[in-house]
Amino acid sequence: MKDSSRVKGLFLVIFGTFLWGVSGVVAQYLFERENFTPEWLVVVRMIISGTIILVFSLLKGDKNVIEIWSKKENIIKILIFALFGMLGVQYTYFAAILHGNAATATILQYLSPVIITIYLAFSSKKLPSLKQISCIFMAILGTFLIITKGNLSTLAISKEAIFFGVLSAFACAIYTLQPSKLLKNYGSLCIVGWGMFIGGIAFSFFYPPFNCIGNWSFKSVLAIAFVVLFGTLIAFYCYLESLKYIEPYEASVFTCIEPLSASILSIIFLNVSFSLIQLVGILCIIITISILSFSKKNDNSVDIEKC
């Protein structure tokens, strides 16, 4: 019985992280082939997903959805999370896809564990372990190989893609670290639901969801529905549900499936090409993710949670 529960947990986390990877590729399709903008997709994705999560939580009888607003200090914390964490990571990730591709955007975003490791080392005034230092250098090497193909005189991807990709990693670090107390006290569904809803509403003042530029067709509607439902709601649910059956550090190890699936699907369906040097760089970062995730079991040095 215990083995079957573990298999269920592994299936859920693998399926969820795979959907996140596919979602990035589908978003690239919407930007490149159907001319939708990342701003519009972010607003629609966040408002719809946030609304569904909050309604689902209320129907389950989760009183935290309302009670979180009873304390003044929570209001500031949830607003910071919504605007700088949730909205920040959603927009910068999609912007990186627009200016580059889903694979490189996802890979660059997954530099966040390295940023978190460095931050925790400074905040705790404790030097990183030799393993962590090795991972940091491996991640830097991987990033260098991806964006330059090993040639210092050229860039393999645009400056905008690099800028938003790295910014996405910092936003993901904020997303992971900032709401830790809120998550502990009120639960992930409540915090993520409000974060998405508030961030989407705030962004809609600048990019109203009804002012949509794009090619509407059956394919594009399916793609948008996939990003919102499968790439957000179902993926998030699967990841959280998996934590009932496997340890958090085990679940985080499988987050490396997202950049891997995004890279493979980008090559197959969107004709994205990578040189051998870039593939080595991708491998360096995936190995870094795995090592830092495994290290959680022993030292809790890094907390990787999907953005």
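Each reported figure results from applying straightforward, stated rules to the coordinates on display, with no laboratory input. Keep in mind that what you see is a predicted model, and the values were worked out from it rather than measured. Cβ placement follows ideal geometry from the backbone for every residue including glycine, while neighbour counts extend to all protein chains displayed.
Computed from label points 7 Å out along Cα-Cβ, the spacing between Lys72 and Ser129 is 4.3 nm.
By the count of neighbouring beta-carbon atoms within 10 Å, fewest first, Leu111, Leu127, Leu177 end up ordered Leu127, Leu177, Leu111.
At 222 nm, what helix-only mean residue ellipticity would the chain give, in deg cm²/dmol to the nearest 500, using -39500 (n - 2.57) for each DSSP H run of four or more?
-23000 deg cm²/dmol
When the listed pairs Lys71/Lys244; Lys126/Lys184; Lys71/Lys181; Lys184/Lys244; Lys60/Lys181; Lys77/Lys126 are checked against a 18 Å cut-off, the alpha-carbon distance exceeds it for Lys71/Lys244; Lys126/Lys184; Lys60/Lys181; Lys77/Lys126. Along its principal axes, the stretch 1-148 has C-alpha extents of 48, 47, 44 angstrom, given from the largest down. Computed over the alpha carbons of the stretch 61-215, Rg followed by Dmax gives 18.1, 58 Å. Packing around the peptides 214-225, 27-38, taken as the average count of other Cβ atoms within 10 Å per residue, puts them in this order, highest first: 27-38, 214-225.
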